[in-house]
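The values are calculated or read from the model by the stated rules, or taken from the named source; none is laboratory data. These numbers come from a predicted model, not from an experiment. Neighbour counts run over all protein chains shown; Cβ positions are idealised from the backbone, glycine included. Surface accessibility is based on the protein's heavy atoms, side chains included, excluding ligands, DNA and RNA. Shrake-Rupley method; radii C 1.70, N 1.55, O 1.52, S 1.80 Å.
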Amino acid sequence: MSAQRWRYDGRRVVVTGCASGIGAHLSAQLADLGAHVTGLDLRRPDRPPAAFVEVDFADGASIDAAVAAIDGPVHALFNVAGVSSGIGNPLLVVTVNFLGMRHFTEALLPQMPAGSAIANVSSLAAANYLANRSVTAGLLATHSMSEGISWCAGHPEALADGGYRLSKEAIILYGMTRALDLGERGIRINCTGPGVTETPILDQLKSAYGQNYLDAFPTLLGHVCGPDEQASVLAFLNSPAASYISGQVIWVDGGSVANRIAEELLSAQAAREGTD
């Protein structure tokens, strides 16, 4: 495969959450690959990309203003911005991680021509998204940030564990439900499911739940993932090298989901052998 298939020369890209963690590393990688990067965040990064737009993903008016400030066309959108349940505000978690992200994406779509691509960031915490889809479907059925917030207010049980899992499951299912009609317009949409990664969100979780909470997650490849490792997968997904991938979630978790499935298979096998 030609190395050009991985590059972004002449392409305009948007990266949310560009000030730190995965978003900061991704912005740098994309610039190295030839992209013109417009970064968005609540605060200005120490090393701004080619263009920077301040935005609050909990505020619809701020999102609309950010979209208006972005010069088109946009050939690739990377939705990386997010907060963890460690902030202690479940409604804000869902609003920033999913409702604001969806509002921003839908508002930016008119600037995205055929051949464009979207990559969203979910989480290993959403690995049971199919089992929980009957609940998540209610959030997905809303059509605006205000409707989504009202739905959350009416379903507090769905946010009882902090809102993070719900928001990240919604991101996966949003991509899957949009893949067909966006595909008809020549636009791909995918997401990654990062495992434990060294980012500011990890610090939020440590502060809120303690180190033991994080130690419960296996590091099957012998180390905690770095933000650069996550960024590389996102850069691939929106590149021409991934031109026939859409509607997918790629687990960037060092094998955690695979290990969980393997353990379930072994447990089922042992149970069958125990009844023989």
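Filtering the stretch 1-18 to residues that are under 19 Å from Val67 (Cβ atoms) and surrounded by fewer than 23 Cβ atoms within 10 Å (Cβ to Cβ) leaves Arg11, Arg12.
If you go through the stretch 52-107 and keep only what is among the small types (Gly, Ala, Ser), surrounded by fewer than 16 Cβ atoms within 10 Å (Cβ to Cβ) and touching a residue at least 24 places away in the same chain (Cβ under 8 Å), you end up with Gly72, Gly88. Consider the stretch 188-210 and keep the residues that are open to solvent by 20 Å² or more (accessible area, probe 1.4 Å) and part of a loop (DSSP other than H, G, I, E, B). The one that is modelled with the highest pLDDT is Val196.
If you take the residues in the stretch 218-242 that are open to solvent by less than 40 Å² (accessible area, probe 1.4 Å) and not in a helix (DSSP H, G or I), which one is nearest to Ala262 (Cα to Cα)? Only one residue tops the list, namely Cys225. Considering only residues in the stretch 145-163 that are open to solvent by 40 Å² or more (accessible area, probe 1.4 Å) and not charged (D, E, K, R), the one that is nearest to the chain's Cα centre (by Cα) turns out to be Ile149. Pairing each residue of the stretch 13-30 that is on the phi < 0 side of the Ramachandran plot with any residue that is of a type in the set (D, E, K, R) and open to solvent by less than 10 Å² (accessible area, probe 1.4 Å), provided the two are 6+ apart or on different chains, yields no C-beta distance under 8 Å.
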